[in-house]
Amino acid sequence: MSDATGDTENKKEKAESETIKKAAKKEKVSKTGFSILDRLILGEIAGPFVFGILIFTMIFVAGDLLFQAARLVIERGIALSVVARLFIYGLPGVVALTLPMSCLLSTLLGMTRLSANSELVALKSLGISFYRILRPVILASFFVSAGALLFNETVVPVTTTAADNLMRYEILKNQASALQEKVFLRDESNGELRRVIYLDQLDTDAGIMKGIMLHEFENGRVNRVSWAQRGVWKDGEWWIENGQVDEVSETGVVRFLFRFERQKLALSLSPAQLQRRTKRPSEMSAWELWMYVDEARMAGSNISQLWVMFHLRLAVPWACVVMAVLGASFGAWRRGRSGSSVGFGVSVVLVFAYYVVMSLCSALGESGHINPILAAWFPNVIFLTLGVCFSRLVD
């Protein structure tokens, strides 16, 4: 029985090798377009990519979301319908995190299999370089990165805000800390931006603001900036104290207008309503975070942490390309037979190493020891360089 199974596997590997050789021969005739070779390579990594999303999502869900859901049901007696909504809101952020991991797993398993079955040797014997084999991998991972970036900009901020509001107002019943730091509020009318309010601190219980900066817009540009040290909620109105007002010309020149000791702030939101309307950096899109960083810089706040966070919003999605190149190169370099379990274990180790480096660089960037841009992008540079080194060994 085992001999029959072995013969079947050998025939299957021989058939696959013949298919690869035919595709390679056809590739030598047609050097442009999406060839059969491209489709064969993409077919090898498509299945493991979907498997990677599912398995990594299950790991994160089991390790965090399910534990949190069970604790809410058992300890607080929260209804299952509310916990289910919290679970659904948390899934997009988890899926976005698993995309680079899935790219690594899929390319590593796919190239390991091609190498173990000697398909890569056959391709090289026909004059197909490994860099040509990487072309569909890089192209596919590029689209995954672009999709991850779009997903992070549209879906994830909305679901993160929804999860935060659900936790704060329905589960904790507004028992969370009333003190918020570095909050950001956009005031729009008929789709047009009117004002942007930045606060260093907001204490909704005491009705106190600190470090206030108000940008007023006209025809899409800033025409006035107001600064104040403190704001208080009194008799149903916001009053700001110890500040000044500057005028901004069309050419961007700032001109001092006047100082004030106490002035009414045209803001109709109560402290509780203001707490609902303000956003934390984790709930913002990259564009909103860019504006937030600019507001914080003008207010004189330390923006290193925010600047690192902004660049991580861009760097992490593009890690899909980095991980795809690394996985493909490392998988081809191993030149040995191994099952999915070994490939999965190697992927976990590499992913863990990537996030350790990213955490270390982020901490150094937030503390000001290295440039925030370097802190966010350095892990991608390191692991892409490692992938290129493995690809040179293979080719």
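Evaluating Ala116 against the criteria (1) farther than 30 Å from Gln180 by Cβ; (2) surrounded by 15 or more Cβ atoms within 10 Å (Cβ to Cβ); (3) within 24 Å of the chain's Cα centre (by Cα) leaves one unmet condition, (3). If Gln275 meets every condition in (1) touching a strand residue (DSSP E or B) at 6+ places or on another chain (Cβ under 8 Å); (2) modelled with pLDDT of 75 or more apart from one, which number is that one? Condition (2) is where Gln275 drops out. Scanning the stretch 128-162 for residues that are surrounded by fewer than 14 Cβ atoms within 10 Å (Cβ to Cβ) and of a type in the set (Asp, Glu) turns up nothing. Here Glu192 meets each of (1) among the acidic types (Asp, Glu); (2) touching a Leu at 6+ places or on another chain (Cβ under 6 Å); (3) within 17 Å of Trp287 (Cα to Cα) with one exception, condition (2). Taken as a whole, the structure leaves Lys210 outside the set of residues that are modelled with pLDDT under 85 and either surrounded by fewer than 20 Cβ atoms within 10 Å (Cβ to Cβ) or assigned to a strand (DSSP E or B) (or both). The residues of the stretch 157-186 that are modelled with pLDDT of 75 or more and out of contact with any Asp or Glu (no Cβ under 9 Å at 6 or more places or on another chain), listed by number, are Thr159, Ala162, Ala163, Asn165, Leu166, Met167, Leu185.
Just checking, does the stretch 87-106 include any residue being assigned to a helix (DSSP H, G or I), over 24 Å from the mean Cα position of the chain (by Cα) and at pLDDT 80 or above? No, the stretch 87-106 has no match at all. If you check Ala62, Ala146 for being within 23 Å of Tyr354 (Cβ to Cβ) and modelled with pLDDT under 80, only one passes: Ala62. Considering the stretch 253-272, the residues that are among the hydrophobic types (A, V, I, L, M, F, W, C), assigned to a strand (DSSP E or B) and over 16 Å from Leu199 (Cα atoms) include one that is modelled with the lowest pLDDT, namely Val254. Within the stretch 363-392, the set of residues being of a type outside the set (A, V, I, L, M, F, W, C), buried (at least 18 other Cβ atoms within 10 Å of the Cβ) and either more than 22 Å from the chain's Cα centre (by Cα) or more than 17 Å from Leu108 (Cβ to Cβ) (or both) comprises Gly365, Glu366, Pro372, Pro379, Asn380, Ser391. Note on the stretch 113-134: residues that are touching a helix residue (DSSP H, G or I) at 6+ places or on another chain (Cβ under 7 Å) and over 15 Å from Leu393 (Cβ atoms) amount to 10.
Screening Glu170, Glu188, Glu192, Glu181 for residues that are surrounded by fewer than 18 Cβ atoms within 10 Å (Cβ to Cβ), among the charged types (D, E, K, R) and free of Cβ contacts under 8 Å to residues at least 12 places away in the same chain leaves exactly one candidate, Glu188. For Ala328, the test of being among the aliphatic types (A, V, I, L, M), in a helix (DSSP H, G or I) and modelled with pLDDT under 85 is failed.
The values are calculated or read from the model by the stated rules, or taken from the named source; none is laboratory data. Please read all numbers here as calculations on a predicted model, not as lab measurements. Positions of Cβ are backbone-derived with ideal geometry, glycine not excepted, and every protein chain shown enters the neighbour counts.
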